[in-house]
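*Asks:* Input: one structure, supplied below.
The values are calculated or read from the model by the stated rules, or taken from the named source; none is laboratory data. Only a predicted model underlies this, so the values are computations on that prediction, with no experimental measurement involved. Here the Cβ is made from the backbone with ideal geometry for all residues, glycine too, and neighbour counts use every protein chain on show.
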Amino acid sequence: MQQHSGQRMSFYNKLPILSIIFGIHGILFCCNPPTQLILGGIAITLAWLSKNGKPLNGAATAGLVTGVISVILSLVVFAYYIWTLSIAQDPANNAMIRDIYQQTKDIMDSIMAPQGN
């Protein structure tokens, strides 16, 4: 019976590390809010599950903090995407968007053009 308790304890000792890993990956996926939100949620859940009736240890706290940061960043990036989309759909901004597109196209064409010796 002692072996089973040791195996269970090792499982709960792995959860804070997994929480940190998921939290960091959530922060790194800053351009994909849905993935960032899921990874942050998993990090928070794993940190909470690692408590096992005890206070959070240092690694679990770090996993919880990275998970919360990931969730907050996902909401901020999603709000930024919505704001950008609303600006892009405004007819008053069509000329500016066309100019930016043309400038970007010209730059890319000059970069990709074959260089003569």
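*Asks:* Among all residue pairs at least 6 apart or on different chains, which show Cβ distances below 6 Å where the first residue, located in segment 55-77, is without any contact (Cβ under 8 Å) to a residue 60 or more places away in the chain and within 16 Å of Q36 (Cβ to Cβ) and the second is crowded, with 17+ Cβ neighbours inside 10 Å and polar (S, T, N, Q)?
*Replies:* G63/S19; S70/Q36; S74/Q36
*Asks:* Can you confirm whether segment 2-18 contains a residue that is out of contact with any Cys (no Cβ under 8 Å at 6 or more places or on another chain), of a type outside the set (A, V, I, L, M), surrounded by 10 or more Cβ atoms within 10 Å (Cβ to Cβ) and not in a helix (DSSP H, G or I)?
*Replies:* Checked segment 2-18: no residue is out of contact with any Cys (no Cβ under 8 Å at 6 or more places or on another chain), of a type outside the set (A, V, I, L, M), surrounded by 10 or more Cβ atoms within 10 Å (Cβ to Cβ) and not in a helix (DSSP H, G or I).
*Asks:* Does segment 49-57 contain at least one residue that is among the aliphatic types (A, V, I, L, M), in a helix (DSSP H, G or I) and surrounded by 13 or more Cβ atoms within 10 Å (Cβ to Cβ)?
*Replies:* Yes, segment 49-57 contains at least one residue that is among the aliphatic types (A, V, I, L, M), in a helix (DSSP H, G or I) and surrounded by 13 or more Cβ atoms within 10 Å (Cβ to Cβ).
*Asks:* Name the residue that is farthest from K14 (Cα to Cα), counting only residues in segment 58-85 that are surrounded by fewer than 16 Cβ atoms within 10 Å (Cβ to Cβ) and small (G, A, S).
*Replies:* Step by step, filter segment 58-85, then rank; the result is A79.
*Asks:* Could you tell me whether F29 is at pLDDT 90 or above and under 12 Å from S70 (Cβ atoms)?
*Replies:* no
*Asks:* Continuing with this model, one more query. Among the numbered criteria (1) under 19 Å from the mean Cα position of the chain (by Cα); (2) part of a helix (DSSP H, G or I), which one does I100 miss?
*Replies:* (1)
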